[in-house]
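Worksheet for the structure shown next.
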Amino acid sequence: MIPWALDGVDLGADVLEIGPGYGATTVALATRTPRLTAVEIDPELARGLQARLSGRVNVVEGDGTAIPLPDNSFTGVGSFTMLHHVPSVALQDRLFAEAFRVLRPGGTFAGMDGVPSLGFRLVHLYDTYVPVNPDTLAPRLRTAGFTDIWLTAVPGRSFRFRARKPLR
């Protein structure tokens, strides 16, 4: 997942991952950057990540829609198969705004998620599921302040994206 999602993307030396969950993507991401911070909303998952990845990843218990970290902190921000778990479109947009806020000027926000489908919905039958329509993602990222937005989708499967925080 990470190689495809980040093909051609350089997140830099100080990266934030929003919503790592159990940490499958976190382990892969940690090999790509010297400094990785992960913000996880679920206290139990955050504790598990901290126990497993202590010394390799700085794990912060927090909400991706209100990231408890300073402005302009990271060279890159990543979000991998978690956007559909954010419980509303408005909160997803807040997460995009927060990713923008914590990025340094010139930094990249990149990630991937599943394309809305019946199969994807069935997998999340008893879980939060607010799919992101890839056709509306670019305007939403632009509203958050991002430029140089690029997106590609594999029909019926997933999409990946990247966007940049302008230098000014």
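The values are calculated or read from the model by the stated rules, or taken from the named source; none is laboratory data. Keep in mind that what you see is a predicted model, and the values were worked out from it rather than measured. Ideal geometry is used to build each Cβ from the backbone, glycine not excepted, and the neighbour counts take in all protein chains shown.
On the given criteria, is THR31 of a type in the set (S, T, N, Q) and at pLDDT 95 or above?
No: the conditions fail for THR31.
Quick check on THR31: is it hydroxyl-bearing (Ser, Thr, Tyr) and surrounded by 18 or more Cβ atoms within 10 Å (Cβ to Cβ)?
In short, no.
Within region 34-50, can you find the residues that are without any contact (Cβ under 8 Å) to a residue 12 or more places away in the chain and crowded, with 16+ Cβ neighbours inside 10 Å?
GLN50
Which of the residues belonging to region 36-83 are within 21 Å of TYR129 (Cα to Cα) and of a type in the set (Asp, Glu)?
Of everything in region 36-83, those that are within 21 Å of TYR129 (Cα to Cα) and of a type in the set (Asp, Glu) turn out to be GLU40, ASP42, GLU44, ASP63.
Output yes when any residue across region 93-102 is closer than 23 Å to ALA24 by Cβ and more than 13 Å from the chain's Cα centre (by Cα), and no when none is.
Taking every residue of region 93-102 in turn, none turns out to be closer than 23 Å to ALA24 by Cβ and more than 13 Å from the chain's Cα centre (by Cα).
With respect to ALA110, determine if the residue is modelled with pLDDT of 95 or more and not in a strand (DSSP E or B).
So ALA110 fails the test.
Restricting to region 56-91, what's the tally of residues that are touching a Gly at 6+ places or on another chain (Cβ under 9 Å), among the hydrophobic types (A, V, I, L, M, F, W, C) and within 11 Å of VAL102 (Cβ to Cβ)?
Number satisfying all stated conditions: 3.
Could you go through region 129-140 and let me know if any residue there is of a type in the set (Ser, Thr, Tyr), closer than 23 Å to THR26 by Cα and crowded, with 16+ Cβ neighbours inside 10 Å.
yes
Can you work out which of the residues in region 158-168 that are closer than 16 Å to GLY114 by Cα and in contact with a Phe, Trp or Tyr (Cβ under 9 Å, 6 or more places away or on another chain) is surrounded by the fewest Cβ atoms within 10 Å (Cβ to Cβ)?
This residue is SER158.
Looking only at residues that are in a loop (DSSP other than H, G, I, E, B) and among the aliphatic types (A, V, I, L, M) in region 122-168, which one is modelled with the lowest pLDDT?
LEU125
For the subset of region 51-82 comprising residues that are among the aliphatic types (A, V, I, L, M) and touching a residue at least 60 places away in the same chain (Cβ under 8 Å), which member is surrounded by the most Cβ atoms within 10 Å (Cβ to Cβ)?
VAL77
Please pick out the residue among LEU29, LEU95 that is in a helix (DSSP H, G or I), touching a Gly at 6+ places or on another chain (Cβ under 8 Å) and within 20 Å of PRO3 (Cβ to Cβ).
When all the criteria are applied, what remains is LEU29.
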